[in-house]
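The values are calculated or read from the model by the stated rules, or taken from the named source; none is laboratory data. As the structure is a prediction and not an experimental result, all values here were calculated from the model. When we count neighbours, we look across all protein chains shown, and the Cβ atoms used for this are built from the backbone with ideal geometry, even at glycine.
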Amino acid sequence: MSLVETLWGEIDHVLLDMDGTLLDRHFDNVVFEEELPRRYAKLHGLSFEEARISLMAMYRSVEGKLAWTDLEYWTDRIGIDVVALHKELAHLIGFLPGAEDFLRALRSMGKQLTIVTNAHRAGVAVKIAKTGLDQYVDRIVDACKVGALKMRPEYWPSCRQLVGFNPARSLYIDDDEQCLIAAQEFGIRRIIHSAKSSSQLPPVPSARFPSVERLSSLVSG
């Protein structure tokens with residue numbers, strides 16, 4: 001029996017991150033690291049670098065809290081409609097290579113598929129409209145529904161209660177090591193790191209978890 005067959009024989013429920021695992025994080029990088037600083041600079045008469053430094057400090061000030069990914073919070077705080085910006089740049093939204101093949105294969109195996117994302121519901125809606133991602137999975141759970149972000153220890157008991165997965169028969173895949181650590185400490189049996197989060201950046205393998213560059217490699221060979 002191959003390693004791939006062994007893995008899937010142990011798994012009933014697959015918990016999947018969205019941005020950087022299924023969808024190309026290049027979109028989010030452009031929005032938050034390029035376009036928002038550019039517009040913030042214009043709004044306040046700053047250089048791009050001054051605006052970028054200011055916004056990065058704001059991001060860090062709420063890192064790990066629900067506000068970190070709340071598009072409505074950022075719209076109010078910086079005075080730029082971040083949801084409208086998502087829609088404006090939606091042409092940059094897309095699946096990472098191999099992600100759709102992976103989802104189709106898991107569907108054919110009869111696995112339960114749940115997307116667990118820190119993304120705000122308004123951003124999730126834009127990405128669903130562009131990709132049809134919701135058609136591949138059983139449900140999409142954003143952090144607001146759970147009441148915490150995935151790197152927080154309180155996230156996973158609440159997520160389990162909401163979704164109903166068995167940690168001993170579940171696999172979780174994410175590009176964020178802090179989220180993976182929290183899930184591992186909660187007791188999710190199988191953990192895999194997504195090393196290629198952006199089509200525009202080189203892969204960054206994890207030193208702590210098994211890493212893959214394409215999800216489709218987990219259902220072939």
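For this structure, a couple of remarks:
- Matching residues, the stretch 59-85, being within 16 Å of Cys144 (Cβ to Cβ), of a type outside the set (A, V, I, L, M) and in contact with a helix residue (DSSP H, G or I) (Cβ under 9 Å, 6 or more places away or on another chain): Gly64, Trp68, Thr69, Asp70, Glu72, Tyr73, Trp74, Thr75
- Residue check, Leu43 under 30 Å from Arg169 (Cα atoms), of a type outside the set (D, E, K, R) and out of contact with any helix residue (DSSP H, G or I) (no Cβ under 7 Å at 6 or more places or on another chain): no
- Selection from the stretch 165-182 of residues that are of a type outside the set (A, V, I, L, M, F, W, C) and under 15 Å from the mean Cα position of the chain (by Cα): Tyr172, Asp174, Asp175, Asp176, Glu177, Gln178
- Residues that are part of a helix (DSSP H, G or I) and either more than 23 Å from Thr131 (Cα to Cα) or not aliphatic (A, V, I, L, M) (or both) within the stretch 25-35 comprise His26, Phe27, Asp28, Asn29, Phe32, Glu33, Glu34, Glu35, listed in sequence order.
So that you can scan it fast, the table gives a plain yes or no per residue for (1) touching an Asp or Glu at 6+ places or on another chain (Cβ under 9 Å); (2) within 23 Å of Glu34 (Cβ to Cβ):
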site	(1), (2)
Ile78	no, yes
Gln112	yes, no
Gly132	no, no
Val137	no, no
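- Test result for Leu162, modelled with pLDDT of 95 or more and either within 16 Å of the chain's Cα centre (by Cα) or among the polar types (S, T, N, Q) (or both): no
- Hits in the stretch 5-20 - residues which are in contact (Cβ under 8 Å) with a residue 24 or more places away in the chain and either farther than 30 Å from Leu92 by Cβ or assigned to a helix (DSSP H, G or I) (or both): Leu7, Trp8, Glu10, Ile11, Asp12, His13
- Listed by position, the strands (runs of 3 or more DSSP E) inside the stretch 118-221 whose residues that are in contact with a Pro (Cβ under 9 Å, 6 or more places away or on another chain) and crowded, with 17+ Cβ neighbours inside 10 Å number at least 3 are 190-194.
Yes/no per residue for (1) hydrophobic (A, V, I, L, M, F, W, C); (2) closer than 30 Å to Glu213 by Cβ; (3) assigned by TED's automatic domain parsing to the domain that holds His13:
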residue	(1), (2), (3)
His44	no, no, no
Ile53	yes, no, no
Met56	yes, yes, no
Val62	yes, no, no
Leu66	yes, no, no
Leu71	yes, yes, no
Ile78	yes, no, no
Val83	yes, no, no
Phe102	yes, yes, yes
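- Met18 satisfies every condition listed in (1) within 25 Å of Gly98 (Cβ to Cβ); (2) outside the structural domain of Val126 (by TED's automatic domain parsing) except (2).
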